[in-house]
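Worksheet: the structure to be examined is printed underneath.
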Amino acid sequence: MNYNLNGGVLIIGSLFWQDDRDNGDGIRKRWRDIRLEMNKSIKVSAPIRYGRFSGSPEKRNQTYTMVFDKSLPNEKFGRAKVVPFKKSIVNWNDLKEEVEELSEAEGTGKDFIKGNSAWCICCIVFNKKVSLEKKNDILNKWSQVLNENQAGSNYFLQNSTSYGCTPQGELEIPWPIELKDLDFLIATSTQPSNRIGITDLTAQEITIHIGNRKYFIPNFLLGIGTYQDRDILNAINSDKNLTQLLFKSIIENYELKKHEDKNHRYWSWDFCREAFHSNQLDDVTKALHLANYLASWGMNRGSGGLLQKNYKIHIKAIEILTDVKYTSLDCFNGNDFTKDKIKHLFKLVDELSDYYSSITYDRMGDQESITPTDTLISKILLGTLSCVPAFDQFLKMGLELGLLSNRRLSKRGLSLLLAWIDKNEIVNLRASIHESASDLPVMKLLDIYFWSLGYQVAINEK
């Protein structure tokens with residue numbers, strides 16, 4: 001039978017980002033490069049969670065990996081990735097070949113069922129638009145191939161529900177509403193299992209094994225997430241070693257994005273900071289860089305007063321920031337912000353706030369003043385003196401995940417941040433981060449870390 005279908009792979013873990021199945025073999029990367037349209041990946045909702053304790057105790061790489069869980073209510077659905085195949089599926093042989101290549105990328109061999117214990121099952125889910133005739137033909141053939149591994153098949157048939165599948169290998173999950181052009185998806189599914197002795201799988205239990213192997217952190221940073229993520233992130237931020245692991249991963253991921261795209265908005269902070277410290281540029285040019293930086297980080301949106309003004313309103317701010325009385329606040333060339341500078345900092349905050357609030361603009365016929373919010377003032381300070389992080393909505397969300405109770409530009413808020421830096425030995429950790437970030441001011445590193453935490457959770461939950 002000719003199928004003439006377009007399909008893809010539903011990926012819920014390391015198949016999306018890990019290059020090697022075993023050290024240096026490059027099998028997964030080759031599979032993605034040859035078979036998949038990675039630049040067309042789509043984020044979709046799916047009933048997934050961390051739920052399988054997998055790995056080898058001898059290799060000390062055991063961690064909790066993803067499983068399908070059809071019992072999850074819609075509000076607990078996670079975020080998975082769908083990647084289309086490069087080729088259309090004309091017939092059964094085409095489909096079987098794609099499944100076999102997926103199987104080999106997942107683990108040794110090309111079987112639809114992996115091993116006598118059926119540790120992994122290759123399964124399929126259909127768009128409702130696929131005809132019943134084609135669907136039944138595929139499932140009949142699929143079932144026949146499943147049965148070729150007799151021992152594995154026997155185990156699977158007795159436990160198919162725990163894999164989220166029918167005995168024929170159909171994955172019993174809703175078709176992702178985000179997909180309109182694809183006819184089917186194939187996936188690999190594993191059986192949930194907790195560590196021996198664990199009956200209630202908590203975020204803390206998942207977290208204590210995160211450092212054994214790369215899994216949770218790359219998933220999180222690439223948008224593969226679950227309803228458990230917030231609690232896991234809270235637990236990570238309660239442990240110094242895991243906090244350092246996550247901190248380093250986030251900073252290096254941020255720097256990687258910058259260096260992969262020389263026009264990325266992340267560069268606007270570098271340009272603004274370099275211009276501010278240049279002896280070759282006048283205040284007008286520095287104000288232009290500050291305006292561009294603020295715009296690239298969202299400060300010209302909505303009904304805010306900056307949208308109604310040009311860059312020259314920042315010239316006076318540059319004059320204030322470069323006043324010799326604030327030189328000690330400049331975190332440049334290794335001069336990090338310290339607790340003894342907090343009181344002096346808020347004299348600068350007050351002076352900047354007074355200046356911006358004196359600027360008026362027309363809003364629908366009424367004269368209003370620019371509001372010097374924590375977000376505006378802290379973004380200006382980050383882009384110039386780099387003595388505080390930028391207290392926007394995503395940073396505040398990240399601070400909450402980091403278990404910091406005060407999430408404002410305040411004396412108490414900065415004291416807590418400095419205590420967090422000391423507790424997690426961030427200054428010492430900085431030297432081991434990728435060279436492009438190793439000389440960044442510690443407050444910029446904190447901004448990257450907490451902003452990225454909040455931003456990634458927000459888009460994963462969207």
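The values are calculated or read from the model by the stated rules, or taken from the named source; none is laboratory data. Just so it is clear, the model here is predicted, and its values are computed rather than measured. Counting neighbours? That spans all protein chains shown, and the Cβs are built from the backbone with ideal geometry, glycine included.
One line per residue, one yes/no per condition, for (1) surrounded by fewer than 16 Cβ atoms within 10 Å (Cβ to Cβ); (2) on the phi < 0 side of the Ramachandran plot; (3) in a helix (DSSP H, G or I):
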| residue | (1), (2), (3) |
| --- | --- |
| 272 | no, yes, yes |
| 275 | no, yes, yes |
| 278 | yes, yes, no |
| 288 | no, yes, yes |
| 291 | no, yes, yes |
| 295 | no, yes, yes |
| 307 | yes, yes, yes |
| 325 | yes, yes, yes |
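Screening the stretch 101-133 for residues that are out of contact with any helix residue (DSSP H, G or I) (no Cβ under 8 Å at 6 or more places or on another chain) and over 28 Å from residue 45 (Cβ atoms) and picking the one that is surrounded by the most Cβ atoms within 10 Å (Cβ to Cβ) gives 108. One residue stands out in the stretch 340-352 among those that are out of contact with any Ser or Thr (no Cβ under 9 Å at 6 or more places or on another chain) and not charged (D, E, K, R): the one that is farthest from residue 410 (Cα to Cα), namely 352.
Could you tell me which residue of the stretch 439-462 is farthest from the chain's Cα centre (by Cα), considering only residues that are outside any helix (DSSP H, G or I) and among the charged types (D, E, K, R)? Give the steps one after another, and end with the answer.
Filtering the stretch 439-462 for residues outside any helix (DSSP H, G or I) gives 439-441, 462.
Restricting the remaining residues to those that are among the charged types (D, E, K, R) gives 439, 462.
Working: 439: 24, 462: 12 Å.
Among them, the one singled out is 439.
Being surrounded by 13 or more Cβ atoms within 10 Å (Cβ to Cβ), among the small types (Gly, Ala, Ser), within 27 Å of residue 213 (Cβ to Cβ) and over 21 Å from the mean Cα position of the chain (by Cα) is a property that residue 8 has. Looking across the stretch 88-125, the residues that are in contact (Cβ under 8 Å) with a residue 24 or more places away in the chain, assigned to a helix (DSSP H, G or I), of a type in the set (Asp, Glu) and over 12 Å from residue 7 (Cα atoms) come down to 101, 104, 106.
Screening 405, 436 for residues that are under 23 Å from residue 231 (Cα atoms) and part of a loop (DSSP other than H, G, I, E, B) leaves exactly one candidate, 405.
Results for (1) surrounded by 14 or more Cβ atoms within 10 Å (Cβ to Cβ); (2) hydroxyl-bearing (Ser, Thr, Tyr); (3) touching an Asp or Glu at 6+ places or on another chain (Cβ under 7 Å); (4) more than 30 Å from residue 242 (Cα to Cα), shown as yes or no for each residue.
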| residue | (1), (2), (3), (4) |
| --- | --- |
| 310 | no, no, no, yes |
| 316 | yes, no, no, yes |
| 331 | yes, no, no, no |
| 350 | no, no, no, yes |
| 354 | no, no, no, yes |
| 364 | no, no, no, yes |
| 367 | no, no, no, yes |
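Residue 415 falls short of the stated requirement of being over 14 Å from the mean Cα position of the chain (by Cα), surrounded by fewer than 19 Cβ atoms within 10 Å (Cβ to Cβ) and at pLDDT below 95. Applying a threshold of 9 Å to beta carbon distances and a minimum spacing of six or more residues, or different chains, the list of pairs starting in the stretch 406-433 at a residue that is at positive phi and ending at one that is at pLDDT 95 or above and not hydroxyl-bearing (Ser, Thr, Tyr) reads 425/240; 425/244.
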